[in-house]
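The values are calculated or read from the model by the stated rules, or taken from the named source; none is laboratory data. From a predicted model like this one, the values you see are computed outputs, not experimental measurements. Backbone-built Cβ (ideal geometry, glycine too); neighbour counts: all protein chains shown. SASA here: full protein model, heavy atoms, side chains in, ligands and nucleic acids out. Shrake-Rupley method; radii C 1.70, N 1.55, O 1.52, S 1.80 Å.
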Amino acid sequence: RSIVRLEHVAKTFSNGTVALADLNLDVAEGEFLSLLGPSGCGKSTALRIIAGLGEPTSGAVAWPKAMYDASGKPEAEIGFVFQEPTLMPWATVFHNVWLPLRLKGVSKAAARTRVAEALEMVGLEKFSAAYPRELSGGMKMRVSIARALVTRPRLLLMDEPFAALDEITRQKLNDDLLKLYKQFGFTVLFVTHSVFESVHLSSRIVVMAARPGRVIDDIAIEAPYPRD
Ligand code: ADP
Ligand code: ADP
């Protein structure tokens with residue numbers, strides 16, 4: 001069962017760059033799918049199109065099972081984690097994670113409980129009152145993950161989320177992300193140019209090549225699931 005499908009998606013930017021040509025990608029519910037390819041092959045462009053942050057030049061994005069909101073967007077199904085944590089510097093950790101719930105209209109009391117849960121998921125329950133500038137890069141990334149998960153999305157889009165972190169922090173976050181994935185059963189679409197990361201994390205790897213961006217391989221990984 002697919003959660004989202006890119007159908008013959010092409011993207012040419014206004015400066016003439018052909019980022020994607022005829023990309024077909026079917027993300028199945030519950031899988032951890034890595035989109036692996038060299039820098040510039042169009043991975044971010046594909047992810048942004050799925051997130052509704054960019055329009056394809058041609059082709060379509062299909063959400064076979066989604067409920068739609070009034071504006072015709074799939075409703076609250078997506079969480080997005082970028083490489084840069086993009087936290088609001090003037091707001092505490094608590095308020096950074098709280099905001100998406102309040103924007104969705106969740107009551108203050110319910111939001112408070114859910115923020116506490118989300119911070120516990122990423123091991124930051126003691127840092128609720130801290131400001132982003134007081135946190136390490138890895139901790140900021142954890143806040144960003146909590147913010148993406150607090151709305152309980154069915155699909156988590158991650159664009160090279162740990163690329164800017166040191167090796168040890170990156171491995172720790174990889175392991176913690178796997179635990180969360182196994183515990184909560186959301187679908188992950190994970191963009192990376194690291195073969196190691198994709199093999200370590202994924203249940204499936206889609207390999208892309210550049211100029212123009214297209215799929216050259218699609219690999220199901222039997223191990224490591226179930227891993228423990
Ligand atoms: P669109 O074709 O979707 O309208 P644009 O070509 O207008 O997109 O570019 C959107 C933004 O991305 C602009 O602010 C532009 O400066 C910036 N941009 C341009 N070239 C690149 C690039 N190679 N990589 C990333 N961003 C770029
Ligand atoms: P990846 O995520 O695989 O590194 P991107 O999707 O960021 O690749 O970029 C694919 C191609 O499109 C690259 O050549 C990049 O420079 C170009 N590109 C990305 N965004 C823009 C933009 N807004 N305007 C023009 N070119 C862009």
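Scanning region 27-75 for residues that are open to solvent by less than 70 Å² (accessible area, probe 1.4 Å), within 16 Å of ligand 1 (Cβ to nearest atom) and either outside any loop (DSSP other than H, G, I, E, B) or modelled with pLDDT of 95 or more (or both) yields 43, 44, 45, 46, 47, 49, 50, 51, 56, 58, 59, 61.
Could you tell me whether any residue of region 96-118 is touching a residue at least 12 places away in the same chain (Cβ under 8 Å) and either touching a His at 6+ places or on another chain (Cβ under 7 Å) or on the phi > 0 side of the Ramachandran plot (or both)? Checked region 96-118: no residue is touching a residue at least 12 places away in the same chain (Cβ under 8 Å) and either touching a His at 6+ places or on another chain (Cβ under 7 Å) or on the phi > 0 side of the Ramachandran plot (or both).
For residue 112, state whether it is out of contact with any Gly (no Cβ under 8 Å at 6 or more places or on another chain) and closer than 25 Å to residue 28 by Cα. Spelling it out, it is not the case that residue 112 is out of contact with any Gly (no Cβ under 8 Å at 6 or more places or on another chain) and closer than 25 Å to residue 28 by Cα. Residue 93 meets all of the listed conditions (1) more than 14 Å from ligand 1 (Cβ to nearest atom); (2) at pLDDT below 90; (3) not small (Gly, Ala, Ser) but one, namely (2).
Applying a threshold of 6 Å to beta carbon distances and a minimum spacing of six or more residues, or different chains, the list of pairs starting in region 11-38 at a residue that is over 19 Å from residue 210 (Cα atoms) and ending at one that is more than 16 Å from ligand 1 (Cβ to nearest atom) and of a type in the set (Gly, Ala, Ser) reads 26/2; 28/2; 31/203; 32/202; 32/203.
This table checks each residue for (1) within 16 Å of ligand 2 (Cβ to nearest atom); (2) more than 24 Å from residue 177 (Cα to Cα); (3) out of contact with any helix residue (DSSP H, G or I) (no Cβ under 9 Å at 6 or more places or on another chain); (4) not acidic (Asp, Glu).
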residue	(1), (2), (3), (4)
12	yes, yes, yes, yes
19	yes, yes, no, yes
22	yes, yes, yes, no
26	no, no, yes, no
30	no, no, yes, yes
40	yes, yes, yes, yes
47	yes, no, yes, yes
60	no, yes, yes, yes
65	no, yes, yes, yes
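For region 1-20, a residue qualifies if it is surrounded by 17 or more Cβ atoms within 10 Å (Cβ to Cβ) and either charged (D, E, K, R) or within 15 Å of ligand 1 (Cβ to nearest atom) (or both), and the qualifying residues are 5, 9, 10, 11, 19, 20. Scanning region 98-115 for residues that are surrounded by 16 or more Cβ atoms within 10 Å (Cβ to Cβ) and closer than 20 Å to residue 85 by Cβ turns up 98, 99, 100, 101, 114, 115.
Please work out if residue 136 is at pLDDT 90 or above, of a type in the set (S, T, N, Q) and open to solvent by 50 Å² or more (accessible area, probe 1.4 Å). Yes; evaluated as a whole, the condition is true for this residue.
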